[in-house]
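Every read-out reported here was derived from the displayed coordinates using simple, explicitly stated rules and does not represent laboratory data. Remember, it's a predicted structure, so these values are computed and weren't measured experimentally. Note that each Cβ is placed from the backbone with ideal geometry, even for glycine, and that neighbours are counted across all protein chains shown.
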Number of protein chains: 2
Amino acid sequence: MSNDAHLEEVKVDGGIAYDGGFLKIHKDHVRLPNGAVTSREYIRHPGAVVVLPVLDDGRILLERQFRYPNSQVFIEFPAGKIDEGEDPFDSAKRELEEETGYTATDWQFVATIHNAIAYSDEHLDLYLARGLTKGEAKLDEGEFLECFTATLDELLEWVRTGRITDVKTIIGTFWLDKLHRGDWKLG
Amino acid sequence: MSNDAHLEEVKVDGGIAYDGGFLKIHKDHVRLPNGAVTSREYIRHPGAVVVLPVLDDGRILLERQFRYPNSQVFIEFPAGKIDEGEDPFDSAKRELEEETGYTATDWQFVATIHNAIAYSDEHLDLYLARGLTKGEAKLDEGEFLECFTATLDELLEWVRTGRITDVKTIIGTFWLDKLHRGDWKLG
């Protein structure tokens, strides 16, 4: 993308500025397009997966989970970090089963999204999961959440009215809407 | 939300673990629903605004901006942090004019979204801006971006095919689609 040289920033030096176990902050010196040098702080994140689980009757499987930074319970699709060296598709299967107990026979990749481009390299891969069978959840220690189901119309209404504000869940809902309408198709 | 006590985490103690100037990391000890104590690390963020600028001819105003964490140019709606004590609506007007030079006569609140609920309290307020008039951009020092326009159909196609991956821009595009179809209305 050399035609973007008027926008690009180039690393001069840098490294880890904070490692708290959960969050790792990098701080680099970078050269701006005008030649000036400034610093850029950002989180290195392994990436995450998001599962859009649609039951045979069309209802959608969701979670309610307390998220400490906003001190609030959020409605979310099942999701989680990609383990080191793990294939994202395997992460999606693992997270769905761990968090909800469900397994799925029919998986399709939907999209990759970037959720905090100003200060994190995190990406999330969204997968559609169908052919669902219920089993036992195996939550991580210290993980507390509850599962429930809703219709697509309910989800859309909750996005419209602000009851759903989590970006991965909003985007998953809009994608399910596009697929359900037949406007968009996968693969 | 006492009916969510089985999900809630309560702060025991904590505070700032890292202050790099741009990013502030808090680390708290919290009591889990089962009584165990663990730590939670997260970013405190002042919040941000996102502007969906629709020109009189229906074309949509966008930016291309290099984002260092992913070392990539992203297609984005105009956006920026809320200054301390600033009304978010004023932030939206300020960011649109600073980044694009445009001013707007017709503003409407669209939605609030949360983009990184596992490790940041950041929220973004989306505003629709119409009645646009072109002026001179006044970029912050060290800020480099270029503006362009696209049709709603182009934006939707770029969301579908993965050319647009930034969450605020995906969600803004889906909202513009819902408004344009007449499925949803504002205020």
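Numerical summary
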item: Residues A:Glu84 and A:Val37, FRET efficiency given R0 of 45 Å [Cβ-Cβ distance, rounded to 0.05]; result: 0.90
item: Kirkwood Rh and Cα Rg combined as Rg over Rh, evaluated for region B:126-187; result: 1.01
item: Contour excess over end-to-end distance, with Cα ends at A:Arg44 and A:Gln108 and 0.36 nm allotted per residue; result: 20.4 nm
item: Pseudo-label separations to other copies for B:Glu154 - Cα-to-Cβ vector, 7 Å, nm; result: 4.0
item: Normalised contact order of region B:48-181, rounded percent, pairs of Cα under 8 Å and 6 or more residues apart; result: 31
item: Sorted by Cβ density within 10 Å, fewest first, the residues A:Ser71, B:Ser120; result: A:Ser71, B:Ser120
item: Radius ratio Rg over Rh of region A:5-44, counting only Cα atoms, Kirkwood formula for Rh; result: 1.08
item: Once exposed loop trypsin sites (Lys or Arg not before Pro) are cut out (DSSP; at most 14 other Cβ, 10 Å), longest piece of chain B; result: B:45-133
item: Whole-percent pair-distance distribution, where bins are 5 Å wide, for the alpha carbons of region A:40-159; result: 2, 11, 19, 23, 22, 14, 6, 2, 1, 0
item: Bins of 20 Å, starting at 0 and running to the largest distance - Cα pair percent for the protein assembly as shown; result: 27, 60, 13
item: Rg [Å, one decimal], Dmax [Å, integer] - region A:91-151, C-alpha atoms; result: 13.7, 39
item: Charge context of B:Gly135, other residues only, Cβ under 15 angstrom, K/R +1, D/E -1; result: -1
item: Across the identical copies, how the A:Asp57 labels are spaced - nm, sorted shortest first, 7 Å along Cα→Cβ; result: 5.2
item: Residue order, fewest to most beta carbons within 10 Å, for A:Glu136, A:Glu157, B:Glu9; result: A:Glu136, A:Glu157, B:Glu9
item: Calculated label separations, A:Gly35, copies of the chain, 7 Å along the beta-carbon direction, nm; result: 6.7
item: Least to most buried among A:Val30, A:Val51 (fewest other Cβ within 10 Å first); result: A:Val30, A:Val51
